[in-house]
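Here the structure is laid out as structure tokens; the discussion comes afterwards.
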Amino acid sequence: MNPPAPTPVPINDIAGPVWFWPYPLWMTICAAFALLVILVGLIYVAKRLLKRKSRILTNRERAIAALSALRDQMAGSDPYTFGVEVSNDVRSYIQSEHGLSATRQTSIEFLQSIADHALFTDNEKAGLSVLLERTDLLKFARAEAGEAEMLDLLETAVRFVRGEVPSSNVKEGKLAR
């Protein structure tokens, strides 16, 4: 006797793909589009912020920023160092803004070189003369200066850089407040 023939296992049809995403297709497309719009908006804002931060400062803005940084460091500062910094900032501003060799000349040489120059008004020349004289006293004579004197010197330098040296402020070699 022959063993009975095994019964074949029935073959079922192959089922198509099963959709397993829990959201409808139209909702998924709308969400992807919204996400894309938000991403583009963030990139646009980031580029504008970077562009604004990388703006090149003018010579005047750079000098005023340097002098403002000195204001923050003024408390307890050595008058000599303070005088050197104020003088360097003002001289660098003049050299970069007007192309004069202010950083390579002594105060007297520089003032003589601009005496007949039409670049500065007589009031600006007088104010600059007082400013350089006061910084030279701090630098070379090692004069003592309190916080009020250093603040006054700094304000004089900022007013000069801004071009705010009115004629009523120049009196007997000193700038009045």
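Coordinate-derived values only; no laboratory data. Keep in mind it's a predicted model, so treat the numbers as computed, not measured. Cβ sites come from the backbone with ideal geometry, for glycine too, and all protein chains shown count toward neighbours.
Farthest towards the positive end of the charge dipole of the chain, among the residues 163, 23, 99, is the Cα of 23, using unit charges on the Cβ of Lys, Arg, Asp and Glu. Peptides 10-18, 44-52, 120-128 ordered by packing proxy, namely the average of other Cβ atoms within 10 Å per residue, highest first: 120-128, 44-52, 10-18. Spread over its residues, the convex hull of the C-alpha atoms of segment 59-175 is 94 Å³ per residue. Per-residue ellipticity at 222 nm from helix content only, as computed over the chain with -39500 (n - 2.57) for each DSSP H run of at least four residues, stands at -20000 deg cm²/dmol.
Between residue 15 and residue 69, the simple label model (points 7 Å from Cα in the Cβ direction) yields a spacing of 7.1 nm. Membrane-span-like helices in the chain, defined here as complete DSSP H runs extending at least 27 Å along the helix axis by their C-alpha atoms with mean Kyte-Doolittle hydropathy no lower than -1.0, are 25-53, 79-98; this is a sequence and geometry rule, not a statement about a membrane. Once both labels are positioned 7 Å from their Cα atoms along Cα-to-Cβ, the gap between residue 149 and residue 44 label points is 5.8 nm. Length available on full extension from residue 98 to residue 133: 0.36 nm per residue minus the Cα-Cα distance, which gives 10.5 nm.
Overall dimensions of segment 83-138, expressed as equivalent-ellipsoid semi-axes from the Cα gyration tensor (√(5λ), whole Å, largest first), are 16, 13, 10.
Relative to one another, the C-alpha centroids of segment 105-137 and segment 24-59 are positioned 51 Å apart.
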